[in-house]
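Notes follow the structure.
The numbers here are math on the coordinates, done by the rules we state, and not lab data. From a predicted model like this one, the values you see are computed outputs, not experimental measurements. Reconstructed Cβ throughout: ideal geometry from the backbone, glycine too, with neighbour counts over all protein chains shown.
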Amino acid sequence: MATKIFVNLPVSDLNRSVEFFTKLGYRFNPQFTDEKATCMIISEDIYAMLLVKPFFQSFIKKEIADTTKVTQTVLCLSADSREAVDELVDKAIAAGATTVNGTDDQGFMYSRDYEDLDGHNWSIMYMDPAAIEQEQPVAESGAV
């Protein structure tokens, strides 16, 4: 089985979050959805578990980060083109997201960020495949 990632995000209003991300084109797995949580399908191997805050809190010992004051993480997703970056971020803004950092255009790499309705920071980026160096084999000693 391929490694998959399940990012868990606390949300204030599950229905509102589902409505927001549906407008961005994401789907949800009904098998892992109830009144406390849903599984948002980002890709074949990437999922975001949206959990209402009290349910999210039941999995952790620390406080939930107050996204009005701090950024806990930046969730970066790749896109197939610059146009796809703009399309997704424009949909997010139209659905109520807030822009963050503006556009970062480095020629070979292009990105735009937004904060979702709960203040989670999403970075959508495109990188020209010709600019990506091929993976180098690890030395026999295992040292990097």
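In terms of surrounding Cβ atoms within a 10 Å radius of their Cβ, ILE64, ILE124 rank from fewest to most as ILE64, ILE124.
Sequence-ordered 3J(HN,Hα) estimates for the stretch 92-107 from the Karplus curve with 6.51, -1.76 and 1.60 and θ = phi - 60° stand at 4, 5, 4, 8, x, 6, 10, 6, 9, 6, x, 9, 10, 10, 9, x Hz, glycine and proline given as x. List the lysines whose alpha-carbon lies under 21 Å from that of LYS91, not counting same-chain residues fewer than 8 positions away? Cross-link targets: LYS23.
Available extension along the chain between PHE6 and ASP66 is 19.5 nm, counting 0.36 nm per residue and deducting the alpha carbon span. Under the combined filter of DSSP loop state and at most 14 neighbouring Cβ atoms within 10 Å, the stretch 1-67 retains these GluC sites (Glu not before Pro): GLU35, GLU44, GLU63. Each listed q (0.14, 0.17 Å⁻¹) maps to a log10 I(q)/I(0) for the chain, found by the Debye formula over equal Cα scatterers with no solvent: -0.76, -1.02.
In deg cm²/dmol and to the nearest 500, what is the mean residue ellipticity at 222 nm of the chain if only DSSP H runs of at least 4 residues count, each as -39500 (n - 2.57), divided by the residue total? All intermediate terms of the calculation are to be shown ahead of the outcome.
Numbers: 3 runs with 28 residues, N = 144.
The helix-only estimate for the chain comes to -5500 deg cm²/dmol at 222 nm.
Bridgeable lysines around LYS36 (alpha carbons under 16 Å apart, same-chain partners fewer than 8 residues away excluded): LYS53.
Of all DSSP bridge pairs formed entirely within the chain, close to 65 percent run antiparallel. Under a model in which nothing but the beta-carbon of Lys, Arg (+1) and Asp, Glu (-1) is charged, the stretch 5-129 shows a dipole of about 500 debye around its Cα centre. Between GLN72, PHE20, ILE60, the Cα set farthest toward the positive side of the dipole of the chain (charges on each charged residue's Cβ, about the Cα centre) is that of ILE60.
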